[in-house]
Amino acid sequence: QGSDVPILMLTARDQLEDKLEGFQMGTDDYLVKPFDMPELAARLMAMVRRQRGELAANRLQVADLVLDAGTFEVMRANQVISLSPTCFRILKILMRESPRLVTRESLEQELWGDTPPDSDTLRSHLYKLRQAIDKPFDTALLQTIPGQGFKLAVMR
């Protein structure tokens, strides 16, 4: 429990109750003996593909800025960047939507639901985020589009 290693249960027990118990215990797939080796190989390859897809889904990248949602790590130009939890969430939203524009309203809705704090709160977090991900670097990525919203993209 708590591990992300895929589990394939190989067993002679073929009753539905046995299979359900195996899945309840955390197995990802269940194969009853006797089985053919090509079927075992196909099931293992499918598990590896799913595992890789999940790992890739945790990683977002815009230019040289990388966010790993699984480890809560942010890097730019191979430098680790420390962010507050709220700045991390804002960055994740902007990276997920990049290069599309994210309106202030949709950003506030995703961050705080129907009860957003005062307007200076978001502005303050965006200022801190900009200081962390843009100021130390040659190219700014976080863009404010007046009256429209924000986006994360390489400026042309």
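Read-outs throughout are calculated quantities, based only on the coordinates presented, and are distinct from any laboratory measurement. All values reported here derive from a predicted model rather than from experimental measurement. Backbone-built Cβ (ideal geometry, glycine too); neighbour counts: all protein chains shown.
Among the lysines of the chain, pairs that are 8 or more positions apart or on different chains and have alpha carbons within less than 24 Å of each other number 6.
If you take the square roots of the eigenvalues of the alpha-carbon gyration tensor of the stretch 8-55 and sort them as a ≥ b ≥ c, do you get rounded (a/c under 1.5), prolate (a/b over b/c) or oblate? The shape class here is oblate.
For percent of Cα pairs over 21 Å apart, computed directly from the structure shown, the correct entry in [x] 55; [y] 47; [z] 58 is [z]. Compute the acute angle (0 to 90°) between the alpha-carbon long axis of helix 85-97 and the principal axis of greatest extent of the alpha-carbon atoms of the chain; round to the nearest 10°. Tilt of helix 85-97: around 80 degrees. Projected label points at Ser82 and Met25, each 7 Å from Cα along the beta carbon direction, are separated by 4.4 nanometres.
Loop-located chymotrypsin sites (Phe, Trp or Tyr not before Pro) in the stretch 27-118 (DSSP state other than H, G, I, E, B) with a sparse environment of at most 13 neighbouring Cβ atoms within 10 Å: Phe35, Phe72. In terms of surrounding Cβ atoms within a 10 Å radius of their Cβ, Glu21, Glu105 rank from fewest to most as Glu105, Glu21. Taking the 0 to 90 degree range and rounding to the nearest ten, how far is the long axis of helix 119-133 tilted relative to the main principal axis of the chain, both from C-alpha atoms? Between helix and principal axis, roughly 80 degrees. For Met75 and Ser124, the FRET efficiency from 1/(1 + (r/R0)^6), where r spans their Cβ atoms and R0 equals 25 Å, is about 0.60. When the chain is treated as a GNM with alpha-carbon contacts under 10 Å, the residue of Val102, Val48, Val32 showing the greatest mean-square fluctuation is Val32. Here is the list for the stretch 100-154: trypsin sites (Lys or Arg not before Pro) lying in DSSP coil, each with at most 16 other C-beta atoms within 10 angstrom of its C-beta, are Arg100.
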